[in-house]
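Heads up: the structure comes next, in structure tokens.
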Amino acid sequence: FSLSRAGFIEEPERKYCFECDSEEQCREWIEALKRASYEFMRRSLIFYRNEIQKMTGKDPLEQYGISEEARFQLGTRK
């Protein structure tokens, strides 16, 4: 499988090629790369923040001084 760097600032035309011994190994690599993405981590943050807030009644990000505006953006962006 391959990855292109479209959307990246430096070297947008560069392409990375990966070889795997099996189709299963290929799927594992693709899933690992997806889990390492910004979007996956952002969605995880939103999910766990909401779960903690349900359990404790408190926003876990409040202690870090994250503004209401930033919390709103985290909760509504899809």
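The values are calculated or read from the model by the stated rules, or taken from the named source; none is laboratory data. Here the structure is a predicted model, which is why all the values come from computation and not from measurement. Because the Cβ atoms are built from the backbone with ideal geometry, glycine has one as well, and the counts that use them run over all protein chains shown. Note: accessible area is taken over every heavy atom of the protein model, side chains too, but ligands, DNA and RNA are not part of it. Shrake-Rupley method; radii C 1.70, N 1.55, O 1.52, S 1.80 Å.
I want to check the label-to-label distance for Leu33 and Arg14. Put each point 7 Å from Cα in the C-beta direction and report it in nm to one decimal.
1.4 nm
Over the stretch 23-63, with the other protein chains present, what is the accessible area per residue in square angstrom, probe 1.4 angstrom?
83 Å²
About the Cα centre of the stretch 23-63, how large is the charge dipole given +1 on each Lys and Arg Cβ and -1 on each Asp and Glu Cβ? Please answer in debye to the nearest 20.
Charge dipole of the stretch 23-63: 220 debye, to the nearest 20.
Might you work out the accessible area of Leu33 for me, using a 1.4 Å probe with all protein chains in place, and round it to the nearest 10 Å²?
Taking all protein chains as shown, Leu33 has close to 70 Å².
Using alpha carbons only, what's the Rg to Rh ratio of the stretch 23-63 with Rh from Kirkwood?
1.23
Leaving out ligands, DNA and RNA, what percent of the accessible area of the stretch 23-63 is carbon and sulfur, probe 1.4 Å?
Of the solvent-accessible surface of the stretch 23-63, carbon and sulfur hold 59 percent.
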